């Protein structure tokens, strides 16, 4: 900005568009005369000058670094979830297959064959058992499988999507 | 030489999972977000926590961002809501008393001399002291209007309230701050009778 704020600019300060306002504030931050004229009309305009205060680059870099870590952490957690799920399903299928063997039900396809890619509940149903989800959301997940005369309780990570 | 990507390009790329585009977006917006959060919460650590949460939400929600709305409006909305929550939480923990306590007189003594070069940090201390007397919404409106330079309609969109309510909050905030300046920081308001060289020029 060349020269000082015009009187109409001072009077219409609240109605200036964002660009003109920012320009006026930047000038007032450096010019005691114009600052006095602007604040005489409305003292709280002094606080408009806070918009010109620089924030230390170190603080901003700290923010970016913390943000990057948090995004990496949350991405890592999301990536780990399917792995954990696959491992748990595989374990449950193997367990159910073993149980089917115990019940002596050899006439139908094996549980592992039928439930290998299915839901955990399906695998238990395939073994003619019953599945009760005993836990509440947010707690550990507990599955109670009753197959024939055998009862098996399985506990899963609460974050695992069953 | 390739030109730096414009904002819509960055948003599209970041929404598709491009971390470098997102980092650039953060670099462009972080100062504004941190400053607004700081002026509302009054504490750097709270402001940085708020800003981190804001950008994390942006990263997770960019895929659902409606580009018909200004990105800044969305950013300010998340920032203000999080900053108000943070301010209220600190108030509930008794944190506001730190600002309003015995240090107030010491802060008042640091008000800038009108003839001296502007001491922006003293202006900042005065604001943090006096703004602690505002309701969170009043403070947010004042910060968006006076420090960030948004107009009443933009603030209404950010806060999801009527423009008339924004003006009402602003009027109340100015009245409270004006009284605080007169009482604690008279040095912030220069004696205009001693001035004049710049008047009418420009």
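The values are calculated or read from the model by the stated rules, or taken from the named source; none is laboratory data. These figures come from a predicted structure and were not determined experimentally. Every residue, glycine among them, receives a Cβ derived from its backbone with ideal geometry; neighbour counts consider all protein chains shown.
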Handout entry: Qualifying residues in segment A:1-30 (those that are at the interface with chain B (Cβ under 7 Å from one of its Cβ atoms), at negative phi and part of a loop (DSSP other than H, G, I, E, B)) - the one surrounded by the fewest Cβ atoms within 10 Å (Cβ to Cβ)
Key = A:6
Practice task
Filter segment B:64-74 for residues that are assigned to a helix (DSSP H, G or I) and within 14 Å of another protein chain (Cβ to nearest Cβ) and give the result.
Solution key: B:72, B:73
Practice task
Please indicate, with yes or no, whether at least one residue in segment A:37-47 is more than 27 Å from residue B:42 (Cα to Cα) and facing another protein chain (nearest Cβ under 9 Å).
Solution key: yes
Fill in the blank from the handout: Of the candidates B:11, B:80, the one satisfying the condition of being surrounded by 15 or more Cβ atoms within 10 Å (Cβ to Cβ) and within 29 Å of residue B:130 (Cβ to Cβ) is B:80
Practice task
Give the number of residues within segment B:68-77 that are surrounded by 12 or more Cβ atoms within 10 Å (Cβ to Cβ) and modelled with pLDDT under 85.
Solution key: 0
Fill in the blank from the handout: Of the residues in segment B:17-59 that are surrounded by fewer than 20 Cβ atoms within 10 Å (Cβ to Cβ) and not in a helix (DSSP H, G or I), the one that is nearest to the chain's Cα centre (by Cα) is B:43
Handout entry: Residue within segment A:58-73 that is modelled with pLDDT under 90, facing chain B (nearest Cβ under 7 Å), closer than 25 Å to residue B:55 by Cα and not in a loop (DSSP other than H, G, I, E, B) present
Key = no
